[in-house]
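One structure is given below, encoded as structure tokens.
Every number in this text was worked out from the coordinates using simple rules, so none of it is lab data. The structure presented is a predicted model; accordingly, all values stated were derived computationally and were not measured. Here the Cβ is made from the backbone with ideal geometry for all residues, glycine too, and neighbour counts use every protein chain on show.
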Number of protein chains: 2
Amino acid sequence: MRTEAEYRQLINENLEAQLHSLGDIPEKLREAMCYSLLAGGKRLRPLLLLAACETAGGAAEQVLPFACALEMIHTYSLIHDDLPGMDNDDLRRGRPTNHKVFGEGLAILAGDGLLNAAMEIALKASLGMADLRGLRAAEALARHAGVTGMIAGQTMDVTMEGSAPTPELVSYIHAHKTADLLQAPVEMGLILAGAGEPELALARVYGFHLGLAFQIMDDILDVTGDPAILGKNTGMDEKKLTWVALRGVDGAREDLAEHIRQAVDTLSEMPWDTSFLEEITWENLSRVS
Amino acid sequence: MRTEAEYRQLINENLEAQLHSLGDIPEKLREAMCYSLLAGGKRLRPLLLLAACETAGGAAEQVLPFACALEMIHTYSLIHDDLPGMDNDDLRRGRPTNHKVFGEGLAILAGDGLLNAAMEIALKASLGMADLRGLRAAEALARHAGVTGMIAGQTMDVTMEGSAPTPELVSYIHAHKTADLLQAPVEMGLILAGAGEPELALARVYGFHLGLAFQIMDDILDVTGDPAILGKNTGMDEKKLTWVALRGVDGAREDLAEHIRQAVDTLSEMPWDTSFLEEITWENLSRVS
């Protein structure tokens, strides 16, 4: 198994190549898509997919299109989230947001393009496989990213802004807006490695706790973090339904620790050596504790 | 084979059911998606898919998820096209546009949701099939709708607005913005019916001419049409790269007739009775001549 840095390099080398494999994309569209797609970032979702796949006995090289597709879905959601009609953010990963550079029209199309390209790449890869694993992984991607998954969470986040935070509502938003796209890589990685339904169920439980922990950490950092280190503005969530609004900073820290514990516990129930997934879990959630 | 009206009824009855089959969609999101999806319209794309499939020996009932997916892609493109950051239209099919009713944020999400739902529905249907036809049809959908297809055309339409109309540029925009999503249904319908590559190539040629004719007709109607009959504002394309800007109304009428002729000629090369597809072609292009 590779190191985290080696997996990241593999992902970064492949993102543009996967887009390129689709054919002639108009230059301005390609530029707007790549501006956000190649802006760095932790690559947590594709990293998790490759790690999960190799943990369960698969080969990372063979599932790279799916890892890249997942990062494209994540990137499109950020571009659209930042639009004036949504969160109206002007800073992301230390740079101006997509619409600030390319204008709203092209930012909308770049987001649409990345979502569509993700599906096209996953489907082309699936057509080259001898069995239905690719199709099943693509279906999992569409399901977690879709109107009962990530988009459902974004909708509640946008439409319920300003209402009173209840545990049910904030949990729903976090579970879908954030956790769904962290369940997807683990579920997809295991499907592509040929794992069975009991393991896929564990993948979803793990991804749920990882996602909740990740979003709670994000909510805490919006209150306590340093914009220069985070590469984005803080204090943006004042009207948002956050875990800090629900439980305060100290309560949020407790819940964060509990979700990390449950995520790690769930990994230990899997029938493989999950130490690498455990390492990724700790590393990506250690910015507050 | 059914009548056009019966096919349309089949499509209209299934659109909401297909969305419903995905699970619990947040109420506001479902409402915004359905506002545009169920606003009527000619259902030309799903109608073509069902007609092409039955023309080549397939059964309409079995490919309804793909027909509905296609209409969802078409609808999402209209919602996003109408946004203030794109064409900034306030009237569509005789009603206020999506963002006028639900606000920009929800309109962006409703568009994203319809695109994602289309892929999810096509993939779920593909998983239930014994062979790879569904997967191949889903790939064709993603390809024609994507960054080398419809989105490429929309990008050039938005970014080249105001520049001089050349035959190459206007043809590129029309071929991708409009024709790609008319090639998709015929190609998909034939794939789902089990047709071979020579027939799929004819489907793309037919769809190309149908698409060019359709967009040229639209360009003519923007100049000569009655908003009350069209259900949308006219004179909106003044800065746009239209066929009328390129060739004038009379030249555009000539080219329209030529593309209709070539579309019908291409149908006659197919090894089936294509009279129903021919009828649809004439009916949908007869608003100017």
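Let me know the shape class of the protein assembly as shown, please: from the alpha-carbon gyration tensor, a ≥ b ≥ c as square roots of the eigenvalues, rounded when a/c is under 1.5, otherwise prolate if a/b is greater than b/c, or oblate. Cα axes put the protein assembly as shown in the prolate bin. The modelled label-to-label distance between B:Glu279 and B:Glu258, using points 7 Å beyond Cα along the C-beta direction, is 3.1 nm. Amide hydrogen proximity for A:Leu91: with H placed 1.01 Å from N in the peptide plane, the residues at 5 or more positions away or on another chain lying under 5 Å are A:Thr97, A:Asn233. Per residue, chain A reaches -22500 deg cm²/dmol at 222 nm when only DSSP H runs of four or more residues are counted, each adding -39500 (n - 2.57). Sorted shortest first, the separations between the B:Pro96 label point and its copies elsewhere in the assembly read 3.3 nm; each point sits 7 Å from Cα along the Cα-to-Cβ line.
Seen through its C-alpha gyration tensor, with square-root eigenvalues sorted a ≥ b ≥ c, the range B:64-197 comes out oblate because a/c lies at 1.5 or above while a/b is not bigger than b/c. Taking a point 7 angstrom from the Cα of A:Asp131 along the C-beta vector, which residues in the range A:53-94 have backbone N less than 20 Å away? Within reach of a label on A:Asp131, which here means backbone N under 20 Å from a point 7 Å along Cα→Cβ, the range A:53-94 contributes A:53-67.
Rounded, prolate or oblate: pick one for the range A:4-284, where a ≥ b ≥ c are the square roots of the eigenvalues of its C-alpha gyration tensor, a/c under 1.5 means rounded, and failing that, prolate if a/b is larger than b/c, else oblate.
On the way: a/c = 1.71, a/b = 1.08, b/c = 1.58.
Oblate.
For B:Asp250 and A:Glu16, the FRET efficiency from 1/(1 + (r/R0)^6), where r spans their Cβ atoms and R0 equals 45 Å, is about 0.45.
Considering only alpha-carbon pairs that sit under 8 angstrom and 6 or more positions apart, the relative contact order computed for the range B:4-284 is 20 percent. Distances, shortest first, from the label point of A:Pro227 to those at the same position in the other copies read 4.3 nm; the point lies 7 Å along Cα to C-beta.
Between identical copies, the spacing of B:Ala59 label points, each set 7 Å from Cα toward the C-beta atom, reads 4.1 nm from nearest to farthest.
The Cα center of the range A:1-65 and the Cα center of the range A:115-179 differ in position by 18 Å.
3J(HN,Hα) along the range B:264-281, derived from phi through the Karplus expression 6.51 cos²θ - 1.76 cosθ + 1.60 where θ = phi - 60°, amounts to 5, 4, 5, 4, 5, 7, 6, x, 9, 7, 9, 4, 5, 4, 5, 4, 4, 4 Hz, with x in place of Gly and Pro.
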